[in-house]
Amino acid sequence: MQAVEANSGRAVYWGTGRRKSSVARVRLVPGTGQLTVNDKPGDLYFQFNANYISVTKAPLETLGLEGEYDILVNAHGGGLTGQSDSIRLGVARALCKLDPDNRPPLKKEGYLTRDPRAKERKKYGLHKARKAPQFSKR
(Lines give C-alpha, C1' and ligand atoms only; values in the text may rest on other atoms or scores of the structure.)
Protein backbone atom coordinates (compact mmCIF):
# COMPACT_ATOMS: atom_id res chain seq x y z
CA MET A 1 0.00 0.00 0.00
CA GLN A 2 1.36 3.37 -1.01
CA ALA A 3 0.54 6.61 0.75
CA VAL A 4 1.40 10.09 -0.46
CA GLU A 5 2.59 12.69 2.01
CA ALA A 6 0.38 15.74 1.90
CA ASN A 7 3.14 18.33 2.27
CA SER A 8 5.69 16.93 -0.19
CA GLY A 9 3.72 14.76 -2.62
CA ARG A 10 6.31 11.94 -2.34
CA ALA A 11 5.38 8.27 -2.14
CA VAL A 12 5.76 6.87 1.37
CA TYR A 13 5.85 3.19 2.32
CA TRP A 14 5.07 2.08 5.88
CA GLY A 15 6.18 -0.99 7.78
CA THR A 16 5.90 -2.01 11.42
CA GLY A 17 8.54 -4.16 13.06
CA ARG A 18 8.64 -5.79 16.48
CA ARG A 19 11.36 -7.60 18.45
CA LYS A 20 11.42 -8.44 22.17
CA SER A 21 9.57 -5.46 23.68
CA SER A 22 10.57 -3.00 20.93
CA VAL A 23 8.19 -1.59 18.34
CA ALA A 24 9.37 0.40 15.32
CA ARG A 25 7.11 2.26 12.90
CA VAL A 26 9.16 2.69 9.74
CA ARG A 27 8.59 5.03 6.80
CA LEU A 28 10.51 4.62 3.54
CA VAL A 29 10.71 7.87 1.60
CA PRO A 30 12.62 8.40 -1.67
CA GLY A 31 15.83 10.17 -0.75
CA THR A 32 19.56 9.76 -0.23
CA GLY A 33 19.76 6.79 2.15
CA GLN A 34 19.71 8.62 5.49
CA LEU A 35 18.55 6.85 8.65
CA THR A 36 16.61 8.93 11.19
CA VAL A 37 15.41 7.37 14.44
CA ASN A 38 13.17 9.40 16.78
CA ASP A 39 14.22 12.66 15.05
CA LYS A 40 17.93 11.92 15.57
CA PRO A 41 20.50 10.80 12.99
CA GLY A 42 20.75 7.01 12.99
CA ASP A 43 24.48 6.83 13.75
CA LEU A 44 24.03 9.12 16.76
CA TYR A 45 20.98 7.20 18.01
CA PHE A 46 22.78 3.86 17.74
CA GLN A 47 25.91 5.35 19.37
CA PHE A 48 28.03 4.97 16.22
CA ASN A 49 27.82 1.18 16.53
CA ALA A 50 28.40 -0.12 13.00
CA ASN A 51 26.65 -3.42 13.77
CA TYR A 52 23.32 -1.79 14.70
CA ILE A 53 23.44 0.53 11.68
CA SER A 54 24.27 -2.25 9.23
CA VAL A 55 21.47 -4.44 10.67
CA THR A 56 18.89 -1.71 10.08
CA LYS A 57 20.00 -1.14 6.47
CA ALA A 58 20.47 -4.82 5.57
CA PRO A 59 17.19 -5.25 3.61
CA LEU A 60 18.04 -2.26 1.41
CA GLU A 61 21.54 -3.62 0.77
CA THR A 62 20.10 -7.02 -0.18
CA LEU A 63 18.02 -5.36 -2.91
CA GLY A 64 20.72 -2.84 -3.90
CA LEU A 65 18.65 0.20 -2.87
CA GLU A 66 21.05 1.67 -0.25
CA GLY A 67 21.12 5.27 -1.48
CA GLU A 68 17.61 5.51 -2.89
CA TYR A 69 15.38 5.66 0.21
CA ASP A 70 15.51 7.54 3.49
CA ILE A 71 14.46 5.53 6.55
CA LEU A 72 12.37 7.50 9.05
CA VAL A 73 11.69 5.58 12.25
CA ASN A 74 9.64 6.06 15.38
CA ALA A 75 10.91 3.40 17.81
CA HIS A 76 10.08 2.75 21.44
CA GLY A 77 10.54 0.03 24.03
CA GLY A 78 13.42 -2.33 24.67
CA GLY A 79 17.06 -1.63 24.03
CA LEU A 80 19.18 -0.85 21.01
CA THR A 81 19.48 -4.49 19.88
CA GLY A 82 15.72 -5.05 19.91
CA GLN A 83 15.09 -1.70 18.25
CA SER A 84 17.61 -2.27 15.46
CA ASP A 85 16.11 -5.70 14.72
CA SER A 86 12.57 -4.29 14.79
CA ILE A 87 13.64 -1.53 12.37
CA ARG A 88 15.06 -4.20 10.04
CA LEU A 89 11.72 -6.03 10.02
CA GLY A 90 9.83 -2.78 9.43
CA VAL A 91 12.10 -1.82 6.52
CA ALA A 92 11.67 -5.27 4.96
CA ARG A 93 7.88 -5.05 5.24
CA ALA A 94 7.86 -1.58 3.71
CA LEU A 95 10.01 -2.82 0.81
CA CYS A 96 7.44 -5.56 0.16
CA LYS A 97 4.76 -2.89 -0.15
CA LEU A 98 7.02 -0.91 -2.49
CA ASP A 99 7.27 -3.83 -4.93
CA PRO A 100 5.90 -7.37 -4.43
CA ASP A 101 8.89 -8.72 -6.39
CA ASN A 102 11.12 -7.72 -3.44
CA ARG A 103 9.52 -10.39 -1.24
CA PRO A 104 11.40 -13.57 -2.35
CA PRO A 105 14.95 -12.24 -1.79
CA LEU A 106 13.97 -10.71 1.57
CA LYS A 107 12.23 -13.93 2.61
CA LYS A 108 15.31 -15.96 1.63
CA GLU A 109 17.52 -13.81 3.86
CA GLY A 110 15.05 -14.17 6.75
CA TYR A 111 14.23 -10.46 7.00
CA LEU A 112 10.46 -11.00 6.93
CA THR A 113 10.37 -13.41 9.88
CA ARG A 114 9.43 -11.92 13.23
CA ASP A 115 11.75 -13.24 15.93
CA PRO A 116 9.36 -14.71 18.54
CA ARG A 117 11.92 -14.91 21.35
CA ALA A 118 11.08 -12.74 24.34
CA LYS A 119 12.12 -12.61 27.97
CA GLU A 120 10.76 -15.50 30.01
CA ARG A 121 8.61 -14.49 32.94
CA LYS A 122 9.89 -14.74 36.52
CA LYS A 123 8.49 -17.60 38.58
CA TYR A 124 7.71 -17.40 42.30
CA GLY A 125 10.32 -18.88 44.61
CA LEU A 126 13.09 -18.12 42.09
CA HIS A 127 15.38 -15.13 41.66
CA LYS A 128 14.81 -14.89 37.91
CA ALA A 129 12.98 -17.09 35.40
CA ARG A 130 15.17 -20.12 36.19
CA LYS A 131 17.79 -18.99 38.72
CA ALA A 132 17.05 -20.69 42.02
CA PRO A 133 18.25 -19.76 45.51
CA GLN A 134 21.39 -21.50 46.68
CA PHE A 135 20.69 -25.03 47.88
CA SER A 136 22.01 -26.17 51.24
CA LYS A 137 21.74 -29.83 52.16
CA ARG A 138 22.44 -29.18 55.89
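What does the convex hull of the Cα atoms of the chain come to per residue, in Å³, rounded to a whole number?
Spread over its residues, the Cα hull of the chain gives 141 Å³ apiece.
Please list Arg121, Arg10, Arg19 from largest to smallest accessible area, probe radius 1.4 Å, with all protein chains kept in place. Numbers along the way, then the final one.
Values: Arg121 155, Arg10 100, Arg19 25 Å².
Ranked from most to least accessible, the order is Arg121, Arg10, Arg19.
Please work out the FRET efficiency for the pair Arg114 and Val12, using the Cβ-Cβ distance as r and a Förster radius of 25 Å; give the result to the nearest 0.05. Present the calculation step by step, with values, prior to reporting the outcome.
Numbers: r = 22 Å, r/R0 = 0.90.
The pair Arg114/Val12 has a calculated efficiency of 0.65.
Of the options Phe48, Val29, Ala11, report the single residue whose Cα projects farthest towards the positive end of the charge dipole of the chain (beta-carbon charges: Lys, Arg +1; Asp, Glu -1).
Phe48
Could you give the angle, 0 to 90 degrees to the nearest 10, between helix 80-98's Cα long axis and the longest principal axis of the Cα atoms of the chain?
40 degrees
At Lys123 and Ser136, where each label point lies 7 Å from the Cα along Cα→Cβ, what is the point-to-point distance in nanometres?
2.3 nm
Please calculate the 1.4 Å probe accessible area of Glu61, with all protein chains present, and give it to the nearest 10 Å².
For Glu61, solvent-accessible area is about 100 Å².
When DSSP beta bridges are limited to those with both residues in the stretch 24-138, what percentage is antiparallel, rounded to the nearest 5?
Around 75 percent of the beta bridges assigned by DSSP in the stretch 24-138 are antiparallel ones.
On a 0 to 90 degree scale, rounded to 10, what angle separates helix 50-63 from the longest Cα axis of the chain?
The angle comes out near 50 degrees.
So which lysines pass the test for Lys123, namely a Cα distance under 21 Å, with those fewer than 8 places away in the same chain ruled out?
Lys20, Lys131
For the stretch 72-133, what ratio Rg/Rh do Cα atoms give with a Kirkwood hydrodynamic radius?
Reported Rg/Rh, Kirkwood definition of Rh: 1.19.
Rounded to a whole number, what % of the accessible area of the stretch 28-92 do carbon and sulfur atoms account for, probe 1.4 Å?
The nonpolar share, carbon plus sulfur, comes to 47 percent.
So how exposed is Tyr69, as accessible area in Å² (1.4 Å probe, rounded to 10)?
For Tyr69, the solvent-accessible surface is approximately 30 Å².
Under Stokes-Einstein, with the Kirkwood radius over Cα pairs standing in for Rh, what whole-number D in µm²/s applies to the stretch 15-59 at 25 °C and 0.890 mPa s? Intermediate results must be reported in sequence, preceding the final value.
Values: Rh = 11.5 Å.
Reported coefficient: 214 µm²/s.
The values are calculated or read from the model by the stated rules, or taken from the named source; none is laboratory data. If you're wondering where the values come from, they're calculated on a predicted model, not measured in any experiment. Positions of Cβ are generated from backbone atoms using ideal geometry, with glycine treated the same way; all protein chains shown enter the neighbour counts. SASA here: full protein model, heavy atoms, side chains in, ligands and nucleic acids out. Shrake-Rupley method; radii C 1.70, N 1.55, O 1.52, S 1.80 Å.
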